[in-house]
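Notes for the one structure printed next.
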Amino acid sequence: MLATFALLAPVGWLWWGSLLPTPYAVTDMGYVDTGGAPAPETHDHHGVGVDTLRETSTAAPAVSLTLTARRQAIPLPSGRTLDGYTLNGTSPGPLIRIRQGDVLQVRLVNADVPDGITLHWHGVDVPNGDDGTAGVTQDAVGPGGEFVYRFVARDAGTYWYHSHQVANTQVQRGLYGVLVVEPRDGPTGPDVVAAAHVHEGARLLDGRRAVLPVPAAPGTRIRVRMVNTDNGPTSAWVTGAPYRLVAIDGTEVHDPPPVTGESVLLTAGGRLDLEVTVPPGGARVEIGGNAAVVLGDGPGPAAAPRPDRALDPLVYGTPAPLGFDPAAADRRFDYDIGRRPGFVDGVPGLWWTVNGHMWPDVPMYMVARGDVVRMRIANGSGEVHPMHLHGHHAVVLSRNGVPATGSPWWIDSLDVADGDSYEIAFVADNPGVWMDHCHNLTHPSEGLMAHLMYEGVTTPYRVGGPSGNDPE
Ligand code: C2O
Ligand code: CU
């Protein structure tokens, strides 16, 4: 009996220690990591509340709309229906277009989604109070409730929005849409949005079909805005014409040369804009090998298999100023992803770890406004992780020790393959409490989630408890 006790007691202790308080503040979780900077004098609850960090521009919204979420059966091309969620009756929700510098106002109404909903503006560096993260920047909007998001679309590019309440289920079942911000000095020319989403094994480009025909006269230059709304990476390639990779995660690539015979990797949550000049026979933008955008007036070229080579953004395009000096970093963080057996909230499993720690005992990355931050993201966990930091854009400095030599590679979603290690850098210029997590949305609920927190900022919101907030 003693032997059994000696064996079970430590396990019981681990189990008990893993139980999460309910409700809890994400800002109380884990341990403070100051990235080598001196610790702030106090870590208390008297900072600026994230709910007060809202858009300061008083300009009238140029685009204002209501999005109403419902639980609804979504017809699939297979003839089956999905027990899904819609926004204004469709999935994806309406495509939102706005001009850079204008104010977007979206009133989110929850008709009848039982678990509550939010909208997160993936890749848009919004004020923290508009970030749409349940239990961190707002309470989930319950049935009959509403929430108004309002922010200046400061950066042109391709973005998307999705629920960040029970996100894994709600995004998979359709609560998402695309946001395009046109450059201030006029549209980039004709474009097409291809938001790839897999329902029951079939990849759809607009929620309805796998092949999207885009009629266009030869010679037309078209921008294909690809969005990966799924949990895993996919790749894209073009047959019939060369292409240029003109934007990554909303940011224009500097001097993108024409590419043939190479695919591009489209990470989960990521966006890539390809530019193609339509040749006489048409061109085919293949997404994942089971979906395509066909540009031209005819059927286009036949589908071709994925090229063996992949474009490497580390060496693509030419350098340009970053606007800050990563060598003068104020903070240096590690986000080292591993995996080991243990308990999370009392549940035994093989859980993800960050710097060797299991959720909720993960680092709280502390910054002060204006800091230059470097972060090394390393993955030794056996699986790929598309890492997404809210509210900021980071530039890739190196991969596996090899420095970037092409165009500045700005990302908000970075595919970190098993065995890879990246160094990224960014300026902490957007105060708040920001999630920094894997966008394979099954993984954050398994503990692959940390936060970037500004000194002097606090949150009145809680995860769990009466609010029902459950961001993942
Ligand atoms: Cu697109 Cu935290 O997510
Ligand atoms: Cu992951």
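The values are calculated or read from the model by the stated rules, or taken from the named source; none is laboratory data. Note that the coordinates shown come from a computational prediction; the quantities given were computed from them, not determined experimentally. Here the Cβ positions follow ideal geometry from the backbone for every residue, glycine too, while neighbour counts run over all protein chains shown. Ligands, DNA and RNA are stripped out before the accessible areas are found, and what is left, the full protein with its side chains, is counted by its heavy atoms. Shrake-Rupley method; radii C 1.70, N 1.55, O 1.52, S 1.80 Å.
Computed values, structure above
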read-out: Percent RCO, i.e. relative contact order, over the chain, from Cα pairs under 8 Å lying at least 6 residues apart; value: 18
read-out: Order by protection proxy (mean Cβ within 10 Å, highest first), peptides 199-209, 16-26; value: 199-209, 16-26
read-out: Residue-span extension gain [SER78 to THR58] - 0.36 nm each, minus C-alpha spacing; value: 2.5 nm
read-out: Debye log10 I(q)/I(0) at q = 0.06, 0.10, 0.11 Å⁻¹ for the chain, Cα point scatterers; value: -0.26, -0.74, -0.90
read-out: Heavy atoms of LEU7 accessible to a 1.4 Å probe, total area in Å² rounded to 10; value: 130
read-out: Rg over Rh, two decimals, segment 262-366 (C-alpha only, Kirkwood Rh); value: 1.15
read-out: Relative contact order %, segment 193-337, counting alpha carbon pairs below 8 Å whose residues are six or more apart; value: 27
read-out: Long-range amide H partners of SER64 with built H, under 5 Å; value: GLN105
read-out: Neighbourhood charge, 15 Å Cβ-Cβ cut-off, centred on TRP16 and excluding it, Lys, Arg +1 and Asp, Glu -1; value: -2
read-out: Relative contact order for segment 63-182, counting Cα pairs under 8 Å that sit 6 or more residues apart, in percent; value: 31
read-out: Of every Cα-Cα pair in segment 191-310, the percent that sits beyond 18 Å; value: 45
read-out: Other-chain or far-sequence residues with amide H under 5 Å of SER235's (modelled H); value: LEU266, GLY288
read-out: Size-normalised alpha-carbon gyration radius of segment 249-294, reference 2.2 N^0.38 Å; value: 1.26
read-out: Within the accessible area of the chain (1.4 Å probe), percent carbon and sulfur; value: 55
read-out: Listed residues GLU182, GLU286 arranged by accessible area, highest first, probe 1.4 Å; value: GLU182, GLU286
read-out: Probe 1.4 Å, protein heavy atoms only - accessible area per residue of the chain in square angstrom; value: 39
read-out: All-pairs alpha carbon distance profile, segment 332-472, 5 Å steps from 0, percent; value: 2, 10, 19, 23, 20, 15, 8, 3, 1, 0, 0
